[in-house]
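Undergrad: To start, I am sharing the structure in question, which I have written as structure tokens.
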């Protein structure tokens, strides 16, 4: 076995082992085992770095190391079904591994500080161990998902992540809102998982394999050409099913409702699961099956879902006062960006943004956690203000990452967002009927800069607006160190430092970054021309897009400064100019929850379940079950009579009673104890034997 | 002397009669002594048969097989004597126990 494969297997295995150990003896370990969980993930991180450097030294888009083991092979039964589980290390998974292990390790470190004081000292800290064991299990599942070479083990890890998400959102289980949020997240993602599962099974039914490699080969060898399911092209249906899985997991329109509520979980969880890793697992999945989406023609749907999500989530973020809610909507919006650009057709840009976003969003969430921590668990930004002089480390980290997400040049978000805008511009240039997508993308760019700087100004600038804000203290080193590391990684250089030997020639040019270079979209026969055209258009659109993005970002920042920094403009007066229905729509989150609960559930599902309960009661219980009782009663009576008459009367009393009596009476005389009679019988028997000897 | 060989059927007929009387006596007599006597008759019928059939083996005298029948009949007589001793002892014990030797009264074997 390749040693790299061993490293790859170690990466999820270590957190998993930590999970099991914490489950069994966690509370008896010193410090309740937080070091075990953190140490495991740091070791995983080292393994991931080892793999990453192996990839780096073989700098090539085609680098791949994979190995799979047969789990079930039905070919001996003449069924061409084969279930393999395996590891696939390519540029995509190697980069992703480093990102996930790094974020997870830093968030583990952050959690030690955050959760420890949250629950008193570790010695008496309630459920401190559970928290770390859940984090470990989640990390193991996420890493298992990343190294999977097939959809099957990916799906298993996917579901484990869903479970961990449920457990961690509802971690403060004494709060009804947290319990409800965890349930909501679980149920909503379940809708998406159903789609993914259907897609998965359809792939297996068609190909007899779950492996990505087989899927790519099947697409290029034309297996899907004339394949149809229910009269719809199979590739479209499967691609849509898998995309619905992503919609659930990555909280895209229309299943976005669970992510803002998921902020009920502890802040490190929001950083790890609901910003950096789990929600991007959905993006990772559609990046993995991108050829299928492209071949099946699902991409337009993908693009619109992404566009709608990124724009409308950004609008929601403007009106939030809870610091975590702003970040939650911003996560939705950025995930929408990734989906949008994937739908537009740029595989590698989506992945690029995934990585940069994970880094700066993990930092933003942890920084907000540090702010909340310093504010004694006050999350309302209206109570904050003036924190920049108290939080010496948190503030610069948050400022850097905010500039990154807003697309300020020199930061990672600028590079990736600029590429997204360029591709969307190029796409719209090629397909003018989809101009709405460009509007979504560009409007979101401006809105993002606005609401993020609104957050910064409301939190860090101005005068303190509460007692807690006046007496805020900087957090301990294990909380600000992760922020510092992630903030350092939010600089553009990390991603666009040229690897081809030209130095840092392209710090401001987003075209040359190693992530995009390493991850060209997998080959799809027949798609070359369209891709080429898109690349061409995006290349031409690059400078206009960059300029537009700069204008929009600086405009957003400027307005945020005017309204919340210097307060020259009154936000309240401006907001009164918006029509009332807009406010209402935003306050009610576009009526999605209302629609799902009042319309879908109460008007549709509940009556339906009432009806089906009635069917159950009347048809099944009363008619079938009770009716069957009557039928069986008649049968019982008949068989009772039969029992009495035939079995008891004739068989038992008659045959069973009379025959043995008669037989016994007649045979009794044989056993009368008289020797002469015995002798007589013997003689007669002997004579009979002699008599019949000749016959026989 | 009578030619035994030529009169074999007569001997066999006599032996048959003897055996028949014996078996009828053994089966029908109430007295244990009668039964015992019937058994003696049957044994002697068998011994007579041995002697009678020995005559058929005249031709093989040279090989020293000419006395087998007679020797067997002697064995039968000895056996009958032993049996008489044992049987009379049993009859005496039965009489000692129940003051009768009626066979119909001895029904301990009844199942």
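The values are calculated or read from the model by the stated rules, or taken from the named source; none is laboratory data. Keep in mind that this is a model prediction, so the values were computed, not measured. Cβ coordinates were reconstructed from backbone atoms using ideal geometry, including for glycine residues, and neighbour counts include every protein chain displayed.
Undergrad: In region A:375-404, what residues are assigned to a helix (DSSP H, G or I) and farther than 24 Å from residue A:489 by Cα?
TA: At the first step, the residues of region A:375-404 found to be assigned to a helix (DSSP H, G or I) are A:381-383, A:387-389, A:394-404.
Selection gives A:381, A:382, A:383.
Undergrad: Also: With a cut-off of at least 1 residues that are within 14 Å of another protein chain (Cβ to nearest Cβ) and over 30 Å from residue A:312 (Cβ atoms), name the helices (runs of 4 or more DSSP H) lying wholly within region A:591-673. Show your work before the answer.
TA: Working: elements: A:606-614, A:627-642, A:659-668.
Because the criterion is at least 1 residues that are within 14 Å of another protein chain (Cβ to nearest Cβ) and over 30 Å from residue A:312 (Cβ atoms), the helices (runs of 4 or more DSSP H) in region A:591-673 that meet it are A:659-668.
Undergrad: Can you find a residue in region B:73-88 that is surrounded by 15 or more Cβ atoms within 10 Å (Cβ to Cβ), modelled with pLDDT under 90, in a helix (DSSP H, G or I) and within 14 Å of chain A (Cβ to nearest Cβ)?
TA: Among the residues of region B:73-88, not one is surrounded by 15 or more Cβ atoms within 10 Å (Cβ to Cβ), modelled with pLDDT under 90, in a helix (DSSP H, G or I) and within 14 Å of chain A (Cβ to nearest Cβ), which makes the answer no.
Undergrad: On to the next question. Checking the structure you have, find out if any residue of region A:192-203 is crowded, with 23+ Cβ neighbours inside 10 Å and farther than 30 Å from residue A:14 by Cα.
TA: So in region A:192-203, the residues crowded, with 23+ Cβ neighbours inside 10 Å come out as A:192, A:196, A:199, A:203.
Going one step further and asking which of them are farther than 30 Å from residue A:14 by Cα, we end up with A:199, A:203.
Checking region A:192-203: at least one residue is crowded, with 23+ Cβ neighbours inside 10 Å and farther than 30 Å from residue A:14 by Cα.
Undergrad: Of everything in region B:94-111, what is in a loop (DSSP other than H, G, I, E, B) and either over 14 Å from residue B:36 (Cα atoms) or away from chain A (no Cβ under 14 Å) (or both)? Give them in sequence order. Let's see the steps before the verdict.
TA: Within region B:94-111, the first condition is being in a loop (DSSP other than H, G, I, E, B), and the residues that meet it are B:99-101, B:106-111.
Once the filter is applied, which keeps residues that are in a loop (DSSP other than H, G, I, E, B) and either over 14 Å from residue B:36 (Cα atoms) or away from chain A (no Cβ under 14 Å) (or both), region B:94-111 yields B:99, B:100, B:106, B:107, B:108, B:109, B:110, B:111.
Undergrad: Which of (1) touching a residue at least 12 places away in the same chain (Cβ under 8 Å); (2) surrounded by fewer than 24 Cβ atoms within 10 Å (Cβ to Cβ); (3) farther than 26 Å from residue A:250 by Cβ is the odd one out, the single condition residue A:384 does not satisfy?
TA: Unmet condition: (2).
Undergrad: Tell me, yes or no, whether region A:596-616 has at least one residue that is more than 30 Å from residue A:412 (Cα to Cα) and in contact (Cβ under 8 Å) with a residue 24 or more places away in the chain. Steps first, please.
TA: Going residue by residue through region A:596-616, those that are more than 30 Å from residue A:412 (Cα to Cα) are A:596-616.
Narrowing the set further to residues that are in contact (Cβ under 8 Å) with a residue 24 or more places away in the chain leaves A:596.
There is at least one residue in region A:596-616 that is more than 30 Å from residue A:412 (Cα to Cα) and in contact (Cβ under 8 Å) with a residue 24 or more places away in the chain.
Undergrad: Inside region B:25-38, can you point out the residues that are facing another protein chain (nearest Cβ under 10 Å) and either farther than 19 Å from residue B:89 by Cα or in contact (Cβ under 8 Å) with a residue 40 or more places away in the chain (or both)?
TA: Residues satisfying the conditions are B:27, B:28, B:29, B:30, B:32, B:35.
Undergrad: Of all residues in region A:473-494, how many are out of contact with any strand residue (DSSP E or B) (no Cβ under 9 Å at 6 or more places or on another chain) and at pLDDT below 75? Write out each step before concluding.
TA: Filtering region A:473-494 for residues out of contact with any strand residue (DSSP E or B) (no Cβ under 9 Å at 6 or more places or on another chain) gives A:473-489, A:493-494.
Filter once more, keeping what is at pLDDT below 75: A:493-494.
Residues in region A:473-494 being out of contact with any strand residue (DSSP E or B) (no Cβ under 9 Å at 6 or more places or on another chain) and at pLDDT below 75: 2 in total.
This table checks each residue for (1) within 24 Å of the chain's Cα centre (by Cα); (2) within 13 Å of residue A:140 (Cα to Cα); (3) in contact (Cβ under 8 Å) with a residue 24 or more places away in the chain.
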{"residue": "A:21", "(1), (2), (3)": "no, no, no"}
{"residue": "A:38", "(1), (2), (3)": "yes, yes, yes"}
{"residue": "A:41", "(1), (2), (3)": "yes, yes, yes"}
{"residue": "A:46", "(1), (2), (3)": "no, no, no"}
{"residue": "A:50", "(1), (2), (3)": "no, no, yes"}
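Undergrad: Could you list, in sequence order, the residues of region A:290-326 that are more than 22 Å from residue A:434 (Cβ to Cβ) and either without any contact (Cβ under 8 Å) to a residue 60 or more places away in the chain or not in a helix (DSSP H, G or I) (or both)? First the steps, then the outcome.
TA: Residues of region A:290-326 more than 22 Å from residue A:434 (Cβ to Cβ): A:316-326.
Hits for region A:290-326 are A:319, A:320, A:321, A:322.
Undergrad: Which residue, of A:679, A:689, is within 10 Å of another protein chain (Cβ to nearest Cβ) and modelled with pLDDT of 85 or more?
TA: Numbers: A:689 fails: within 10 Å of another protein chain (Cβ to nearest Cβ).
Checking each option against the conditions leaves just A:679.
Undergrad: Would you please name the residue that is surrounded by the fewest Cβ atoms within 10 Å (Cβ to Cβ), looking only at residues in region A:1-13 that are without any contact (Cβ under 8 Å) to a residue 60 or more places away in the chain and within 20 Å of residue A:142 (Cα to Cα)?
TA: Of all residues in region A:1-13, those without any contact (Cβ under 8 Å) to a residue 60 or more places away in the chain come to A:3, A:6-7, A:10.
Imposing the further condition that a residue be within 20 Å of residue A:142 (Cα to Cα) reduces the set to A:6-7, A:10.
Values: A:6: 13, A:7: 21, A:10: 18.
So the residue we want is A:6.
Undergrad: Does residue B:91 count as within 30 Å of residue B:48 (Cα to Cα), within 14 Å of chain A (Cβ to nearest Cβ) and surrounded by 13 or more Cβ atoms within 10 Å (Cβ to Cβ)? Steps first, answer last, please.
TA: Details: within 30 Å of residue B:48 (Cα to Cα): yes; within 14 Å of chain A (Cβ to nearest Cβ): yes; surrounded by 13 or more Cβ atoms within 10 Å (Cβ to Cβ): yes.
Taking the combined requirement at face value, the residue satisfies it.
Undergrad: Of the conditions (1) surrounded by fewer than 24 Cβ atoms within 10 Å (Cβ to Cβ); (2) under 30 Å from residue A:544 (Cβ atoms); (3) in contact (Cβ under 8 Å) with a residue 24 or more places away in the chain, residue A:435 clears all except one; give me its number.
TA: (3)
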